[in-house]
């Protein structure tokens, strides 16, 4: 009988696949980004996940949040996500946490993860994740979407600065967030989610081209992109 991951083995080898499978990744926010990230990680071979989101599925979520369909409206995002992911592989270890993250509860819920992926859509939650990752010394992979634009970066990796230190003016970010709320299309969140999965893969494999304290900015419609080097000094 063939292995699920025999094609992966041809590219990265069985040992690397085993490292991926044994990794524990926490995803905070199971919306458009979180669904894409969770799906990508499971199909990559990650078997240990923590899914954190307080919300229920709404009809307007369905076009972008690829784990859900119309029959899931009204149910818990983390509960349904676990069910859908477990239909892909039946040997997954998935913990679900149906609360909003805060700096107070996050250290308990995220403790034990190798990587935390920020798939939230607001800076209050993002700052809480960042502070928890700094406290726990866990790398944080940030992803953000606005219109056709996306951003991905890695923070708190190997002593690099956390997100909230490099972007300290949370009040200004929240104000801008509230004033410039924009629509978004499915292929934008899926593109950014895939980039977050790639960064997780690179961290697991200890690659040397991780976006550590760097911000990849991309317009998925035009294909234009640039990388901003952030301050990496302690």
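Going by the structure shown, is residue 17 touching a helix residue (DSSP H, G or I) at 6+ places or on another chain (Cβ under 6 Å), outside any strand (DSSP E or B), over 25 Å from residue 189 (Cβ atoms) and without any contact (Cβ under 8 Å) to a residue 60 or more places away in the chain? Let's see the steps before the verdict.
Numbers: touching a helix residue (DSSP H, G or I) at 6+ places or on another chain (Cβ under 6 Å): yes; outside any strand (DSSP E or B): yes; over 25 Å from residue 189 (Cβ atoms): yes; without any contact (Cβ under 8 Å) to a residue 60 or more places away in the chain: yes.
Judged against the criteria, residue 17 is a match.
Each row is one residue, and each column tells you yes or no for (1) in contact (Cβ under 8 Å) with a residue 24 or more places away in the chain; (2) surrounded by fewer than 13 Cβ atoms within 10 Å (Cβ to Cβ).
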| residue | (1), (2) |
| --- | --- |
| 27 | yes, no |
| 67 | yes, no |
| 74 | no, yes |
| 79 | no, no |
| 112 | yes, no |
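Selection of region 209-230 for residues being surrounded by 14 or more Cβ atoms within 10 Å (Cβ to Cβ) and at positive phi yields only 213.
Among the residues of region 41-65, count how many are farther than 29 Å from residue 14 by Cα and in contact (Cβ under 8 Å) with a residue 60 or more places away in the chain. Spell out the reasoning first.
Start the filter on region 41-65 by keeping residues that are farther than 29 Å from residue 14 by Cα, which leaves 52-65.
Next cut, in contact (Cβ under 8 Å) with a residue 60 or more places away in the chain only: 63-64.
Of the residues in that region, 2 qualify.
Suppose the filter is in contact with a helix residue (DSSP H, G or I) (Cβ under 9 Å, 6 or more places away or on another chain), in contact (Cβ under 8 Å) with a residue 40 or more places away in the chain and exposed (fewer than 15 other Cβ atoms within 10 Å of the Cβ); does residue 88 pass it?
On the way: in contact with a helix residue (DSSP H, G or I) (Cβ under 9 Å, 6 or more places away or on another chain): yes; in contact (Cβ under 8 Å) with a residue 40 or more places away in the chain: yes; exposed (fewer than 15 other Cβ atoms within 10 Å of the Cβ): yes.
Yes, satisfied.
Among the residues of region 121-155, those that are part of a loop (DSSP other than H, G, I, E, B), touching a strand residue (DSSP E or B) at 6+ places or on another chain (Cβ under 8 Å) and under 15 Å from residue 26 (Cα atoms) comprise 138, 139.
Where a number appears in this text, it was derived from the coordinates with a stated rule and is not lab data. Bear in mind that the values here come from a model prediction, so they are computed numbers and not experimental data. So basically every Cβ, Gly included, is an ideal-geometry build from the backbone, and we count neighbours across all protein chains shown.
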